[in-house]
Amino acid sequence: MAYFLLVLVPAGLILPLVFAGRAFGVLARAGGSRRADSAAWLRTAGFAQAAIAVGVYAWGLLHVTGAVVSAEDGGTNSSPIPPCRTQGWEYRGEGITGYRVEFVPLRFVCETDDVGDYTTSVPGYVNPVFFFLGLGAAVCFTVVALDSDSGRGRTGTGT
């Protein structure tokens, strides 16, 4: 698990920069912000939303990675695992059996045998921001693609 996170976190830190560069590149190719048409603005908005969405997801991955590293660190005072020591953990402490990481939605889940599983470590805003900005980026790119497809159909009929 930790090795998989070591691959995802750097990718999550690099991709927002790539998407932000693409957003600025679209505007630059369109001739600047004053000359850009609606398609260029939609592409720019899509790339900007994708950059923020991936950046927020990477922020959540950093929290999950810290929790996994803390959970895997054995030794004194390691039971129950430190990330599962939330408010009231003393009452659940005997029943904590392990943990798991779920990537969609992103969360660190503490598994118990008697009370029920519960999540920790990922800030509450990460999943909604990732979902809504990712959805916004998808909508922007879909509108641009549908608009360009309909434009091709009109220009191709020259009889």
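Just so you know, all these numbers are worked out from the coordinates, no wet-lab data involved. Note that this is a predicted model, so its numbers are computed, not measured. Backbone-built Cβ (ideal geometry, glycine too); neighbour counts: all protein chains shown.
The relative contact order of the chain comes to 24 percent, based on Cα pairs under 8 Å that sit 6 or more residues apart. Using only Cα atoms, find the angle between the long axis of helix 38-72 and the longest principal axis of the chain, and express it within 0 to 90 degrees, rounded to the nearest 10. Roughly 10 degrees between the two axes.
Nearest 10 degrees is fine. How inclined is helix 126-155 to the longest principal axis of the chain, computing both from alpha carbons? That helix lies at roughly 20 degrees to the long axis.
Between ARG100, ARG43, ARG34, the GNM of the chain built on Cα springs shorter than 10 angstrom shows ARG34 fluctuating the most. Helix 2-29 and the longest principal axis of the C-alpha atoms of the chain enclose an angle of approximately 20°. Every helix of 4 or more DSSP H residues in the chain counts as -39500 (n - 2.57), and over all residues that averages to -21500 deg cm²/dmol at 222 nm.
Around the Cα centre of segment 1-132, unit charges on the Cβ atoms of Lys, Arg, Asp and Glu (plus for the first two, minus for the last two) sum to a dipole of about 1140 debye.
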